[in-house]
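To start, the structure under review is shown below, and the notes come after it.
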Amino acid sequence: MTATVLQAKGITKEFPGVLANDHVDFDLREGEIHALLGENGAGKSTLMNIIYGLYNQDEGEIIINGQPSNITTPNDAIEYGIGMVHQHFMLIPVFRVTENIMLGAETLHRDKNRTPPFWKRGIFEWVRQLDFLERRAVTKKVSELSHQYGLDIDPDAIVGDLPVGVQQRVEIIKALYRNAKILILDEPSAVLTPQEVEDLFRIMRELTSRGVSIIFITHKLKEVLAVADRITVMRAGKVVDTVIPEESNEQKLASLMVGRDVLLKVDKKTAHPKGDVLTVSDLRVVDHRKLDVVRGVSFNVRRGEILGIAGVQGNGQTELIEALTGLRPTRSGKVILAGKDVTGKPPRVVTEAGLGHIPEDRQRHGLVLSYPITDNIMLCTYYLPPFAKGFTIQQKAVDEVTRQLIKAFDVRTPSPFVITSKLSGGNQQKVIVARELSRPVNLLIANQPTRGLDVGSIEYIHKEIIAMRDRGVGVLLVSAELDEILSLSDRIAVIYRGEIVTTVDAKDATREQLGLWMAGAKPESA
Amino acid sequence: MDWRRFSFIALIIATLFGIVVSIGHEQTSPAIIITSMLATTIAVATPLTLGALSGVYCERAGVVNIGIEGMMLSGAFFGWLAAIYMNSVFNFSTMPSLLIGVLAAMLAGGAFGWLHALLSVTFKVDQIIGGTVINMLAIGITGFLNRQLFFEKGSIFGGQVPHAPGVLPRIQLPILADIPVVGRVFDQQPIAITAILLVFLTHYILFFTRWGLRTRAVGEHPRAADTVGINVRKVRYANVIIGGLMAGLGGAYFTLESVPSFEPLMTNGRGFIALAAMIFGNWTPIGSWAAALIFGAAQAMQINLQFFREMIPAQWAFLQQSYIVGLAPYILTMIILTGIIGKNVPPAADGLPYEK
Ligand SMILES: Nc1ncnc2c1ncn2[C@@H]1O[C@H](COP(=O)(O)OP(=O)(O)OP(=O)(O)O)[C@@H](O)[C@H]1O
Ligand SMILES: [Mg+2]
């Protein structure tokens, strides 16, 4: 039997009003991929943050290689060879890749040589702060690591310019650079394209074959079954069970997580679409570098139908949605929403024409993280009844609505007044979804609506989206998950390099065919 | 800093110089006007440069500092006080008194820096309010002590301001100062020279050392810095105190290098102009210095125009009104802060307290 490299014993952590970890036992064996599953707010990130020294546990201990450890800061964890890739990346966008990697573990110009001269020792140690940073050595080591593990990367790139998939590699190299033997990956696949996920799994296997042990958090059951050696399921701060993939399946895992049976297939009746709610004609949009990214797109969404947009990320979906919602100027073309010309109009006007929008980046465009849940719930319509009467906010009404939504959408929080940045990632997403799905709208634009959500919540939100469709709302769905597109949409448009290559009936679409079109294959003109 | 800003700065400075040259060229040769103006520009830009560096250290670490004005004012007062004390109470000779004065000025600024760090890092007070507190406190303390020590009967100096030890002497930079005509530019007093050296030292520290990398990281994304084991609190404290030292040194310029006396409120808004220079310099030391030189040039114009008062042509008569010329730095500040010359991008976590 292989050695246990890390063992958490009876870890307990309480936040005001929530018992985030309740006597959690967890262990990691050498060279294994140990998946951690659990509902949103189950306490997965909290447990990992404790192991990494960002939070300190109230009770319990962490044993590393058989020795009790005393981890109170990330520095301690790094010393013990623990590395962590956080759910929301911990990279500095304006820094170069090398700078991000060396930060906190810098090499100084004369490190390689013997002991420093007397005027840089003892009480003069601080003088070393002024030594020249050695970048070349870092670049070299980064290239070595990236070769060794097949993590392709340009050490001199500015991190903010890189796609998320590549940023994630930077995070992984950052951990390896510090000689991490235990790697924690907190929902690494939530923001990746299917191709990037494949790459990630390849990298993970490469790492374990070299003796690195990995804790892998995800909500995607298929992924878990594909890569994990063991699976631990958490619910409401407790460990429910640890299983091996051979003896489990998606359905079983889902019920373990949620505590009831979950419908993994979407159940929907045929759509009965009526007239157009959104008509987009010949829309052109440029990105921040002034490059054409949406190149003459035309389509329509009818009331009572779901139009899915399938495409590999980076083919103009983001900019298309931003243009439709008024967040980005359009170069030319026309957008008609519920009979109103909203081309290039500000978000307020578009919202008032009846748009609901679940944005792609929840932390940047969906929430004001420093506001409590209540304020985020009224964010779009704070000036309208029931939230406002004349110039005054009706706090009672706001609280009331918020409480109802928290209940309906199962947002896990001790109170409606919690600052949203303190919610778990998935619960932040639920706050946005609750706000947008509960308003009377004509059109819902849902960009990655279930990113980072657990299976139970996905089931619920899918049901709600379909209920909205059946009430006569038009839905425009963008998702990197082909499964989500296939199971929800009535029609599917495929976007490639800023153009819609084809639109098909969802009944006639197959995974394989869509995949080909998304990769640039020309559809036969029928 | 991009080339657009640098060319804008060069253009403004050239225009200001051009105005004076075009008025005075019949009496004095352009070369002499330009070199003497350049020398004045560099000298009077000193407190702005140091104030801007103060801002660079603080804000790069994520702490907004609008207390530069107060830190400077207290530097000016305590530096002067220490110099007088040494000179007239302990009978130190001029140079040692002045040097101790400079040290005291820096310490006074540093102490206020520590206070600002305490308020904004430890107690997480709104940083604008913290800075305002510092400004008011400095005005109050310096005004009060000035009155109590020098103008009250029975006070230490017996109601009489003692003889000031004078100002720091000029240093003729070897070789450079000997160049004919242009040499005048390199004939400067020590704080002015130190300020310029500090500009380049700060540039080096910020962009080429471990200290700088960590400082910038903390100002951009403190949580990310925390996850790689950097002590956000320590880094912020250290940089805000260094910022205080810089502002204190800038204060010493007023009473130990420019004139040998102290007046209440004598910094006269320079701390805020320094802040504007830092913003226009996009939080970089060299850019801030360049921007500080604009204000220096405006002041140099004001000073030089006085020599050529009679020669100002009738249609430019408004230039004879020295208060109009005196407004130039403030108007420039407003134009610059509108951001029409390119966008100003502060450090991402500037002004935000770090919560675990
Ligand atoms: N800093 C904090 N302050 C207060 N409460 C917190 C804090 N961090 C987490 N919590 C609470 O602890 C609980 C567990 O959160 P955690 O982030 O560990 O969930 P998670 O399992 O990672 O969920 P997700 O899948 O949504 O990311 C949640 O109820 C959350 O609101
Ligand atoms: Mg989490």
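With each label modelled as a point 7 angstrom along the Cα→C-beta vector, the A:LYS463-A:THR242 pair spans 3.4 nm.
What you get for the stretch A:60-182, charging only the Cβ of Lys and Arg (+1) and of Asp and Glu (-1), is a dipole of about 500 debye around the Cα centre.
Under the membrane-span-like helix rule (DSSP H runs whose alpha carbons stretch at least 15 Å along the helix axis, mean Kyte-Doolittle hydropathy -0.5 or higher), chain A yields A:164-177, A:395-408, A:425-437, A:455-470. Mean separation of Cα pairs under 8 Å and 6 or more residues apart, divided by the residue count, gives chain A a relative contact order of 16 percent. Rank B:ALA82, B:ALA104, B:ALA292 by mean-square fluctuation in a GNM of chain B with C-alpha springs under 10 angstrom and give only the top-ranked residue. Largest GNM mean-square fluctuation: B:ALA82.
Taking a ≥ b ≥ c as the square roots of the eigenvalues of the Cα gyration tensor, an a/c ratio of 1.5 or more together with a/b no larger than b/c marks the stretch A:185-287 as oblate. Annotation for the stretch A:491-526: trypsin sites (Lys or Arg not before Pro) lying in DSSP loop with at most 16 further Cβ atoms inside 10 Å of their Cβ are A:ARG497. Net charge dipole, the protein assembly as shown: roughly 1040 debye, given to the nearest 20, about the Cα centre with Cβ charges of +1 for Lys and Arg and -1 for Asp and Glu. Compare the Cα positions of A:ILE71, A:TYR371, B:THR338 along the charge dipole of the protein assembly as shown (+1 at Cβ of Lys, Arg; -1 at Cβ of Asp, Glu; about the Cα centre) and return the one farthest towards the positive end. Farthest towards the positive pole: B:THR338. Approximating the spin labels as points 7 Å out from Cα along Cα→Cβ, the A:THR381-to-A:GLN251 distance works out to 4.0 nm. Rank B:GLY109, B:GLY24, B:GLY55 by mean-square fluctuation in a GNM of chain B with C-alpha springs under 10 angstrom and give only the top-ranked residue. Top of the fluctuation ranking is B:GLY24.
Build a GNM of chain B with springs between Cα atoms under 10 Å apart, and of B:HIS221, B:HIS163, B:HIS203 the one that fluctuates most is B:HIS163. Between the beta carbons of A:ASP161 and A:GLN404, assuming R0 = 51 Å, the FRET efficiency works out to 0.75 to the nearest 0.05. Net charge in the neighbourhood of B:VAL20 (other residues with Cβ under 13 Å of its Cβ; Lys, Arg +1, Asp, Glu -1) is 0. Diffusion of the protein assembly as shown by Stokes-Einstein, at 10 °C in a medium of 1.306 mPa s and with Rh set to the Kirkwood radius over alpha-carbon pairs, works out to 51 µm²/s. Dipole orientation for chain A: of the candidates A:VAL166, A:GLN129, A:VAL411, A:GLN129 has the Cα lying most toward the positive pole (charges on Cβ; Lys, Arg +1; Asp, Glu -1). How many percent of DSSP beta bridges within the protein assembly as shown run antiparallel, rounded to 5? So the antiparallel bridges amount to about 60 percent of the total. Scanning chain A for chymotrypsin sites (Phe, Trp or Tyr not before Pro) lying in DSSP loops with no more than 16 further Cβ atoms inside 10 Å, the longest uninterrupted stretch between such sites is A:1-381. Looking at the stretch A:438-526, the GluC sites (Glu not before Pro) that sit in a DSSP loop and have at most 13 other Cβ atoms within 10 Å of their own Cβ are A:GLU524. Using the Cα gyration tensor of the stretch B:3-337, with a ≥ b ≥ c the square roots of its eigenvalues, what is the shape: rounded (a/c below 1.5), prolate (a/b larger than b/c) or oblate (neither)? Here the stretch B:3-337 falls in the oblate category. As a calculated quantity, the FRET efficiency between B:ILE175 and B:ILE341 at R0 = 41 Å, using C-beta atoms, amounts to about 0.65. Around the Cα centre of the stretch B:102-240, unit charges on the Cβ atoms of Lys, Arg, Asp and Glu (plus for the first two, minus for the last two) sum to a dipole of about 360 debye.
For the stretch A:259-304, trypsin sites (Lys or Arg not before Pro) are listed when DSSP marks them as loop and at most 14 other Cβ atoms sit within 10 Å of their Cβ; the list is A:ARG260, A:LYS265, A:LYS269, A:LYS274, A:ARG289, A:LYS290. The shape of the stretch B:137-237 comes out oblate: with a ≥ b ≥ c from the C-alpha gyration tensor, a/c is at least 1.5 while a/b does not beat b/c. The HN-Hα couplings worked out from phi for the stretch B:176-192 by the Karplus form 6.51 cos²θ - 1.76 cosθ + 1.60 (θ = phi - 60°) are 4, 6, 8, 5, x, 6, 4, x, 3, 4, 8, 9, 10, 8, x, 5, 4 Hz, whole numbers, x standing for Gly and Pro.
Here the label points at A:SER209 and B:PHE144, each 7 Å from Cα along the C-beta direction, are separated by 7.4 nm in the simple model. Rounded to 0.05, the FRET efficiency of the A:HIS288 and A:SER438 pair, given R0 = 35 Å and the Cβ-Cβ distance, is 0.60. A dipole drawn for the protein assembly as shown from +1 and -1 charges on Cβ atoms has a positive end, and of A:PRO117, A:PHE387, B:THR227 the residue lying farthest that way is A:PHE387.
We did not get these values from a lab; they are worked out from the coordinates using the rules stated. Treat the numbers as computed from the prediction; the structure is a model and nothing was measured. We place every Cβ from the backbone using ideal geometry, glycine too, and count neighbours over all the protein chains shown.
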